[in-house]
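K.L.:
Just dropping this structure here.
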Amino acid sequence: MPALPRAVGVARGVSAVFRVLESAELARVEQLLVQCAKEADREVNEREYGLGKRPDDAECERVVGYDGKGNKVRRRMELGILKHEVAFACVKRELVRLFPDNVSIEPRYGPDPRTGRYVLTRVWEDSLKPDIVVHFSRDPNRVQCVYDFKFPCSVAGKSNPLANDGTLEQLSRYKKLGRPCTPSIVTPQLGVSHVSPE
């Protein structure tokens, strides 16, 4: 008889290891991601431009410097980096607290030379680094859903964020991670935008 509780305990442990988020939990994840995107957009815009203000298209395209390769760095890129930092802090505070075993921020995945599957890696070449990954409990190599924050700056970008800066190509690459959800972006203006499955 004492073997029964032990067997039940092992079964519970195994189910916890393989646990994925249910649809209601994924809906909560997406709700919080949108909340974090809106918070980041508002906080950075107000810090940089004043209460209730945001950059116009000319400000978005203003050149603020050059990168190590001599390419122009525009204000929209600079603002995107600042907004990602605030959004990640919000995700840590709100989302990782609720689902600590199922959410990773900016994990890097690369092809495993033995299997060809994408797994966690420290190698930058040919790697993928989505912003937020929902995965099996304590197993980021078993991806459930992928999300990327986008902070469009221009009027056109806000109305159609999937058309910006190679976004569709980037999300198409995330399909290599082998997850059941379609890769999605999260914007303050439109919330979660899912890429149509092929």
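The values are calculated or read from the model by the stated rules, or taken from the named source; none is laboratory data. None of these values were measured; they are calculated from a predicted model. Neighbour counts run over all protein chains shown; Cβ positions are idealised from the backbone, glycine included. Surface areas here come from the heavy atoms of the whole protein model, side chains and all, with no ligands, DNA or RNA. Shrake-Rupley method; radii C 1.70, N 1.55, O 1.52, S 1.80 Å.
K.L.:
Which of the residues belonging to the stretch 66-105 are outside any helix (DSSP H, G or I), under 30 Å from ALA156 (Cα atoms) and in contact (Cβ under 8 Å) with a residue 12 or more places away in the chain? So that I can check it myself, show each step before the final result.
P.N.:
Restricting attention to the stretch 66-105, the residues satisfying the condition of being outside any helix (DSSP H, G or I) are 66-74, 99-105.
Filter once more, keeping what is under 30 Å from ALA156 (Cα atoms): 66-74, 105.
Listed by number, the residues that qualify are ARG74, ILE105.
K.L.:
In addition: Mind checking which residues of the stretch 122-143 are surrounded by fewer than 19 Cβ atoms within 10 Å (Cβ to Cβ) and closer than 19 Å to SER193 by Cα?
P.N.:
Scanning the stretch 122-143 gives a single hit, LYS129.
K.L.:
Follow-up question, since we're still on this one. With the condition kept exactly as written, say whether any residue in the stretch 43-55 is outside any helix (DSSP H, G or I), among the charged types (D, E, K, R) and open to solvent by 60 Å² or more (accessible area, probe 1.4 Å). Give the derivation first.
P.N.:
Residues of the stretch 43-55 that are outside any helix (DSSP H, G or I), as a first pass: 50-55.
So of that shortlist, the ones also among the charged types (D, E, K, R) come out as 53-54.
Next, only the ones that are open to solvent by 60 Å² or more (accessible area, probe 1.4 Å) stay: 53-54.
Yes; the residues of the stretch 43-55 include at least one that is outside any helix (DSSP H, G or I), among the charged types (D, E, K, R) and open to solvent by 60 Å² or more (accessible area, probe 1.4 Å).
K.L.:
Working only within the stretch 106-165, note down all residues that are basic (Lys, Arg) and either under 14 Å from the mean Cα position of the chain (by Cα) or not in a loop (DSSP other than H, G, I, E, B) (or both).
P.N.:
Going residue by residue through the stretch 106-165, those that are basic (Lys, Arg) are 108, 114, 117, 122, 129, 138, 142, 150, 158.
Passing the criteria: ARG108, LYS129, ARG142, LYS150, LYS158.
K.L.:
Still on this structure: Hey, can you tell me all the residues within the stretch 167-180 that are open to solvent by less than 50 Å² (accessible area, probe 1.4 Å) and either aliphatic (A, V, I, L, M) or touching a Lys or Arg at 6+ places or on another chain (Cβ under 8 Å) (or both)? Before the answer, list the steps.
P.N.:
Taking the stretch 167-180 as the starting set, the residues that turn out to be open to solvent by less than 50 Å² (accessible area, probe 1.4 Å) are 167, 171, 174, 177, 179.
Passing the criteria: THR167, LEU171, LEU177.
K.L.:
Follow-up question, since we're still on this one. Which of the residues that make up the stretch 148-166 are farther than 22 Å from GLU43 by Cβ, at pLDDT 90 or above and surrounded by 15 or more Cβ atoms within 10 Å (Cβ to Cβ)?
P.N.:
If the condition is that a residue be farther than 22 Å from GLU43 by Cβ, at pLDDT 90 or above and surrounded by 15 or more Cβ atoms within 10 Å (Cβ to Cβ), then no residue fits.
K.L.:
In the stretch 39-65, which residues are among the hydrophobic types (A, V, I, L, M, F, W, C) and in contact (Cβ under 8 Å) with a residue 40 or more places away in the chain?
P.N.:
Within the stretch 39-65, ALA40, VAL44, CYS60 meet the criteria.
K.L.:
GLU106 - would you say it is more than 22 Å from ALA27 (Cβ to Cβ) and at pLDDT 95 or above? Before you say what the answer is, go through the steps one by one.
P.N.:
Working: more than 22 Å from ALA27 (Cβ to Cβ): yes; at pLDDT 95 or above: yes.
Yes, satisfied.
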